[in-house]
Structures are given as C-alpha cells and as structure tokens.
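Each remark here refers to the structure printed beneath this line.
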C-alpha cells in the first residue's frame with residue numbers, strides 16, 4: 001500500500017466511522033487530534049512506519065508523514081495535498097475519495113454488536129454499513145468510546161488488499177491550530193497512474 005493509499009485509507013476510516021454517528025456527520029467531532037495506528041493488509045515497502053498524527057478542523061484533515069511531510073485533505077473539495085520535505089507539494093483527487101461518505105449525503109445502517117474495551121476505553125461496538133449516493137456500500141466494525149463522546153477509537157474494514165484495522169489513541173477535542181492546515185500555493189497536479197489513480 002502506497003503512502004497516499006495508507007493515508008487516504010486512514011482518513012476515510014475515521015470519516016466513515018464519524019459518518020456512522022448520525023444523520024449529519026458534520027454534527028460531531030468537527031475538531032480533534034489523535035494518533036493513528038494502522039495494521040493489517042500488506043503495507044508495502046513505501047508505507048510510512050510507526051504511528052501517524054492526525055488532525056481535523058472543520059472541513060480539513062491533516063496527517064503527518066514522517067518528520068517533515070504531511071497531507072492536507074479538504075473534505076468538501078475532495079482534494080488532497082501531499083507536502084514532502086523542502087516544500088514539494090502534489091495535489092490529487094484520489095478516485096476512491098470522490099465517494100467519501102463523510103463529504104456526501106448517504107444512508108447509514110447501524111447494528112449493535114456488543115461492548116468491548118479498547119485501550120482502557122469502554123466502548124459500544126457496532127456493525128456499520130455506509131452507502132453514499134451513487135456509490136458502493138462500505139461495511140465496517142466500529143468501537144465507539146463511551147468516555148470520549150463516542151469517538152471511533154477502533155475501526156475494522158475489509159479493503160481490496162485484506163482486512164485493515166485503525167486505532168486512534170491520545171484523542172483530544174481541543175481545536176488544532178489553523179496553521180497546521182496550510183499548504184504551499186504552488187502545488188502541482190499529480191498525474192494519474194495506470195490502474196486509475198495516483199500511486
């Protein structure tokens with residue numbers, strides 16, 4: 001899984017889980033920061049190693065990549081900006097992100113699946129199916145922490161490469177600084193690669 005694919009998958013997983021919380025996914029958790037830990041599915045040699053910090057402020061999400069890089073995703077514009085060392089910036093609209101249920105209206109089906117504890121957080125567990133308008137349904141299992149305003153501290157989803165689990169640790173609902181969501185103004189459009197999207 002490429003860096004972009006891994007970051008996009010992690011962002012979409014939390015977005016999908018947040019979408020599962022109600023009719024309007026923008027009604028809760030418009031701002032937070034957390035440490036994202038992804039496991040499962042073949043990550044490949046180009047995937048970033050270790051935990052990644054993720055931030056959300058209204059319609060923007062940021063994921064740190066290594067010590068100097070980061071990605072900014074505009075959830076309303078369906079656009080991601082990848083900023084690597086020395087100010088190099090690439091702009092892209094991943095094909096899968098165009099159907100991100102977090103940014104589109106769609107239907108949500110939720111079925112209780114018991115209770116559990118994740119990293120000391122008591123959670124209710126739900127099987128969730130999110131179907132965006134004119135899109136493909138995504139099924140997942142979500143752990144919603146009772147002591148963190150039902151934030152999805154764990155999400156399991158079946159990807160095309162196998163099962164993926166994302167956990168979110170050190171969750172804070174303090175507003176991240178708006179400066180974290182800036183990107184260079186001279187970002188170049190990333191060309192599409194064979195197979196349908198940026199690699």
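The residue list 10, 69 contains one member that is surrounded by fewer than 23 Cβ atoms within 10 Å (Cβ to Cβ), at pLDDT 55 or above and under 17 Å from residue 156 (Cβ atoms), which is 10. Within region 157-170, at least one residue is loosely packed, with under 15 Cβ neighbours inside 10 Å, under 24 Å from residue 60 (Cα atoms), at pLDDT 90 or above and touching a strand residue (DSSP E or B) at 6+ places or on another chain (Cβ under 7 Å). Here residue 138 fulfils each of the conditions (1) surrounded by fewer than 17 Cβ atoms within 10 Å (Cβ to Cβ); (2) within 18 Å of the chain's Cα centre (by Cα) apart from (1).
Only residues that are touching a helix residue (DSSP H, G or I) at 6+ places or on another chain (Cβ under 7 Å) and over 17 Å from residue 111 (Cβ atoms): list them for region 137-179, please. Before the answer, list the steps.
First pass over region 137-179, keeping only residues touching a helix residue (DSSP H, G or I) at 6+ places or on another chain (Cβ under 7 Å): 138, 140, 142, 152, 155, 157, 159, 164, 166, 168, 171.
Result: 159, 164, 166, 168, 171.
Selection over region 80-131 of residues that are assigned to a strand (DSSP E or B) and modelled with pLDDT of 85 or more gives a count of 22.
For region 183-190, the condition of being exposed (fewer than 15 other Cβ atoms within 10 Å of the Cβ), out of contact with any strand residue (DSSP E or B) (no Cβ under 8 Å at 6 or more places or on another chain), under 24 Å from residue 74 (Cα atoms) and modelled with pLDDT of 90 or more holds for none of the residues.
Give just the number: which of (1) assigned to a helix (DSSP H, G or I); (2) modelled with pLDDT of 90 or more; (3) within 17 Å of the chain's Cα centre (by Cα) does residue 147 not satisfy? That leaves (3) as the condition not met.
So that you can scan it fast, the table gives a plain yes or no per residue for (1) under 19 Å from residue 165 (Cα atoms); (2) part of a helix (DSSP H, G or I); (3) at pLDDT below 85:
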| position | (1), (2), (3) |
| --- | --- |
| 37 | yes, no, no |
| 43 | yes, no, yes |
| 47 | yes, no, yes |
| 73 | no, no, no |
| 76 | no, no, yes |
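The values are calculated or read from the model by the stated rules, or taken from the named source; none is laboratory data. From a predicted model like this one, the values you see are computed outputs, not experimental measurements. Virtual Cβ from ideal backbone geometry, glycine too; neighbours counted across all protein chains shown.
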